[in-house]
1. Give me the pairs: first residue in the stretch 1-30 and part of a helix (DSSP H, G or I), second residue modelled with pLDDT of 95 or more and among the charged types (D, E, K, R), beta-carbon distance under 8 Å, and six or more apart or on different chains, which are they?
2. Given the conditions (1) assigned to a helix (DSSP H, G or I); (2) surrounded by 11 or more Cβ atoms within 10 Å (Cβ to Cβ); (3) at pLDDT below 95, and given that VAL81 satisfies all but one, which numbered condition is not satisfied?
3. Which of the following residues is closer than 23 Å to LEU91 by Cβ and β-branched (Val, Ile, Thr): THR35, THR20?
Amino acid sequence: MSQAVQFNVGGVRFFTTKETIQREPSSKLAALLQTQQPGPDGCYFLDRDPKHFQLLLNWLRDGWCSVPQSIEGRRELSAEVKHYGLISMDLWLRSQSHAESMSDAAAAASAAGGLGGRWSSGGAESLLGAHLRGGLGQG
């Protein structure tokens, strides 16, 4: 069993294991465990906003986490990920953002008068081609 670790992040305590933190060995969290000792209360103190720290731990445990729905929440999470040097989580977040953008674009195209159907049929239809033939909504 892996050794328990406690973090005090901006006044909020979080509990995890050393093994979980070491899943991202190049991160600031892993470096902290190797170079520092916990404080008198047994916690490693991090002068950061605790709002998204649980998501970072969930990522380290499971390889995924819930992503905030708001743009502001995503930016905050991204800033924390970068601050802690969680490179694989940063790449994962970028892939999630890209996948969501592609999904949104497909939904918008489908809602725009059936263009999604033409695109998905495998034909050589393009927006320019549709426009030149007299409009996007005509077939």
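The values are calculated or read from the model by the stated rules, or taken from the named source; none is laboratory data. Only a predicted model underlies this, so the values are computations on that prediction, with no experimental measurement involved. Counting neighbours? That spans all protein chains shown, and the Cβs are built from the backbone with ideal geometry, glycine included.
1. The qualifying pairs are THR20/ARG61; ALA30/GLU24.
2. (3)
3. On the way: THR35 fails: closer than 23 Å to LEU91 by Cβ.
Exactly one residue qualifies, and that residue is THR20.
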